[in-house]
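First up is the structure itself, then whatever we jot down about it.
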Amino acid sequence: MTATVRRDALLAALASAGLLALLVAERAVDTLTTPTAIASGVAVALLVEVAFLRSSAVARLWTRPVVQLGSTAGLLAVGLAGYALAGPLVVAALSWGLVTYFALLCVLLASNRRRATE
C-alpha cells in the first residue's frame, strides 16, 4: 500500500470516526439506514471521485497536505453544521460518502494487486 493510499485512508477513517461518534452521542445511529442518507452519500462521493478523475488540477490540489487536512476538517465541520441545521441525515449521508470512498479504495487496491501478480 502506498503512502498516499495509507494517508487518504487514515484521514477518511478519522473523519468517519468523528461522524459516527456524533451519531452515537446523539442516539441517531438508525439514520444510517435511511435510503435518503445512503443514496445521497453514495451519489455525492461518486461525483467527487469523477471530479478527481476528470480534472488534473483537482487531483494536483489533493497532493498538498494543507488541502488534505483542510478537507478532512471541512468535512467534519460540514457534519457538525449540517447536524445543527438539518439534523442527523446530513451526518449519515457524509458517513455513506466515506463508506463509498473506502469501497472505491478497496477496488483500486485489488486491481493494483491483480496487475502486480499477472
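The values are calculated or read from the model by the stated rules, or taken from the named source; none is laboratory data. No experiment lies behind these values; they were computed from the predicted model shown. Note that we place each Cβ from the backbone using ideal geometry, even for glycine, and neighbour counts take in every protein chain shown. Remember, those area values only see protein heavy atoms, side chains included, never the ligands or the DNA or RNA. Shrake-Rupley method; radii C 1.70, N 1.55, O 1.52, S 1.80 Å.
Quick rundown of the values:
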read-out	value
Selection from Ala17, Val78, Thr2, by position along the positive dipole direction of the chain (Cβ)	Thr2
Helix 3-25 axis, angle to the chain major axis (alpha carbon atoms, nearest 10°)	10
Using alpha-carbon coordinates, inclination of helix 65-86 to the longest axis of the chain, degrees	20
Order of exposure, largest accessible area first, which applies to Glu49, Glu26 with probe 1.4 Å	Glu26, Glu49
Virtual spin-label span in nm between Val67 and Ala39, 7 Å along Cα→Cβ	3.2
Principal-axis tilt of helix 88-117 within the chain, Cα atoms, nearest 10 degrees	20
Radius 15 Å from Cβ of Thr100, net charge of other residues (Lys, Arg +1; Asp, Glu -1)	-2
Rel. contact order, % - alpha carbon contacts under 8 angstrom, at least six apart, the chain	41
Test item: Cα-centred dipole of the chain, Lys/Arg +1 and Asp/Glu -1 on Cβ, debye	460
Answer label, with Kirkwood radius over Cα pairs in Å calculated from the coordinates and candidates (i) 14.5; (ii) 15.1; (iii) 18.8	(ii)
